[in-house]
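Scroll down for the structure; my scribbles are underneath it.
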Amino acid sequence: MFDLNVPWPVQTYNSPSQQQLTGLYNVIATLYCLGYNHLAINFNVQENVKLPYGQPTSINPIPMQQLRERFSEYPNLKLFSRITLQISDPSQCQGLSKLQNIFDIISIQPNTEKALQLATTNLDIDMISFSLTSRLPFFLKHKTIGAAIDKGIKFEIIYSSALTGPAGYLVTSANDNMTLSTTALLARKVFFNNLMQLIRASRSNGLVVSSGAFQSVQVRNGPDILNLLQTVGLDRARSKACITDNPEKVLISGRLRIKSAKQVIAVNNDESMEGLLYSNEGEDPVKKTETAGFTKKLSDTSSGRLLKKQRIV
Amino acid sequence: MNNNKLEKHLLSRCYSSEAKVLEVLSSRYSISGDQKPSLILTPTGSTSSERAPSTSLLHTKSTDKVTKPASKTVSTRLELKKYISTTLNKQRKLIKMINQSKRTSSPSTAFITKKLSQYEIPKFEEFTGLNSLWQEYMNNLLFPASSHQQHQLKLPSLAMLLPKLTSADYTGCLLTVLQAKNTQLVGMRGIVVWDTQYSFILCIPRDQDSKEYTESVENLTELTASTRVGGLKAIPKKGCIFGFDVITDESKDECLSFNIIGSRFEFRNVDRSSKKFKNHNVNDLL
């Protein structure tokens, strides 16, 4: 299973506190225990944050190498990096092409209809996410959403925002019955409203469900997510695709941007056949286009052995 | 040396023997010779008895007969097509024969090799030369002389390598099918004989070499008839992911592996060289 939104605790280039980092490690460990083995660490950038385009090595604040070493004893755990750019003014998102070789997945959070329009038509991105707990400032049209899905852009549903939100439970009466506070109720109402809108506009296709959890309690397992989606009217096969197939497609399209020349010839760095198109092992996490990491021993590959045998004879 | 040819032609009309012509020419251009600026041409009379019938060196009779094509419609492409289809037919026949004889007794290796030469089925070993030529071509294409610094290969970045590979020629490349919609094709490998628009025509190795997982098979009778025959195989590009290795340093045993995404590769190699590729929806790649 895939979870493409494990948020990086800070939204700027300041280094996170030790407590925040522990929270991140706990989320990763919990997700792994629940069966998610492809995780993307998401760096969410507000519009006013200046990205250091001048120094390509310092654009990505996430220490992927250290994270990978830390979780090296978890078999089959694959970590990817992702950036989410919040856009409200379409003219603001220059230099997107400079990010392409640095992050595995590039996504956009449009705050205005114009930004959504731009993201679906012009930008070369993998995913669009909305902040579902606050009322969307525009109506989602099937025409724009459908065009994006035809292009291969997926839409993200972040479920943890419905679980946390502005307030928790209230103790009202002496019987100790727990009821939701009004603001929390409102947040959930808006969440479901937006979710229904998104499902309607996308005609149940091209959706990706991800956690976006800052704490490990906000993480849910696969069956829970399927239940949630079935309550809003998605059939079983489609809701399953939201956590398996669709995120994989996002990963493939994002990774092929780095690994391949326009999705025609890709460089191969993994012998295992699963995840051939998106694996990122053996790759330099900072300089992704460096070729030196991809060299292999000829006798390690099966066709190489055959070649060698023929040459000696 | 171009004018040398002309002079040779002129002299060939003057002297009867070719050795004499060459001698004159060599003395004319050698540093130690007389280096005359002029050529002495003796008139050729029809009366001279020692002269053979006047034939210039340009118009020497060729001993091997040039066969004219039977009709205008014969082209290399059609001939190749015909060759491939007849070979595939022959292979089918041979596989059927082996399968039938298997019911009674398993066919011996000698029987199969005899039949292979009888049916003129191409062998993998015949194409290994083509593969080494291709490796040389790839090395020249990907790592031009500027990337060699002090006899050490400095690998260019992926952004440099990959676009070159999209417009490269793959005839002679050893391809392996890594993923395919048709699971029967997975693991198939061979040297590309011809690159068509929708498929690769491979020449596949026989017996243990045929697939990676057949390397350890000891009893040849366990293998299917088609792996024992080998020969040509047409593999569709659609839905397949192919892998190939480029040897970067043979002495150090190093190589670079690449994947061809077949669904995005459905072009004739002539069109592909000038094609501008674009990113698409990846729904068909999964």
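The values are calculated or read from the model by the stated rules, or taken from the named source; none is laboratory data. If you're wondering where the values come from, they're calculated on a predicted model, not measured in any experiment. Every residue, glycine as well, gets a Cβ built from its backbone with ideal geometry; the counts of neighbours run over all protein chains shown. With ligands, DNA and RNA removed, areas are computed over all heavy atoms of the protein, side chains included. Shrake-Rupley method; radii C 1.70, N 1.55, O 1.52, S 1.80 Å.
Points to keep in mind about this one:
- Accessible surface comparison of A:R200, B:R28, B:R272, probe 1.4 Å, protein chains only, largest first: the order is A:R200, B:R28, B:R272.
- Per residue, segment A:96-167 exposes 39 Å² of accessible surface when a 1.4 Å probe is rolled over the protein heavy atoms with every protein chain present.
- Heavy-atom accessible area order for B:Y83, B:Y198, largest first, 1.4 Å probe: B:Y198, B:Y83
- In Å², nearest 10: area of A:I149 left accessible to a 1.4 Å probe: 30
- Taking all protein chains together and rolling a 1.4 Å probe, B:F258 ends up with roughly 0 Å² accessible.
- B:T171 accessible area, assembled protein chains, probe 1.4 Å, Å²: 40
- Relative contact order, percent, segment B:122-277 [alpha-carbon distance under 8 Å, six or more residues apart]: 24
- If R0 equals 35 Å, the separation of the Cβ atoms of B:K252 and B:S216 corresponds to a calculated FRET efficiency of about 0.80.
- When peptides A:205-215, A:32-42 are sorted by average Cβ neighbour count within 10 Å, with the highest value leading, the order is A:205-215, A:32-42.
- Eligible lysines near B:K154 by straight Cα distance, threshold 20 Å, same-chain separation 8 or greater: A:K259, A:K287, A:K288, A:K296, A:K297, B:K164, B:K252
- Close lysine pairs were tallied over segment A:2-250: pairs 8 or more places apart or on different chains with Cα atoms under 17 Å apart number 12.
- Student exercise, segment B:122-277 dipole from Lys, Arg, Asp, Glu Cβ charges, in Debye to nearest 20: 880
- About the centre of its Cα atoms, segment A:2-250 shows a dipole size close to 480 debye [charges on the beta carbon of Lys, Arg (+1) and Asp, Glu (-1) only; nearest 20 debye].
- For segment A:2-250: relative contact order, % (alpha-carbon pairs under 8 angstrom, 6 or more apart): 21
- Overall form of segment A:2-250 per C-alpha gyration tensor (a/c, 1.5; a/b vs b/c): rounded
- Per residue solvent-accessible surface (Å²) - segment B:122-277, probe of 1.4 Å: 44
- Accessible-area ranking of B:M188, A:M127, largest first, probe 1.4 Å: B:M188, A:M127
- With a 10 Å cut-off around each Cβ of B:261-273, the average count of Cβ atoms from other chains is 2.
- Interface of B with A. Using a 1.4 Å probe and counting protein heavy atoms only, the two chains hide about 4400 Å² of accessible surface, both sides summed.
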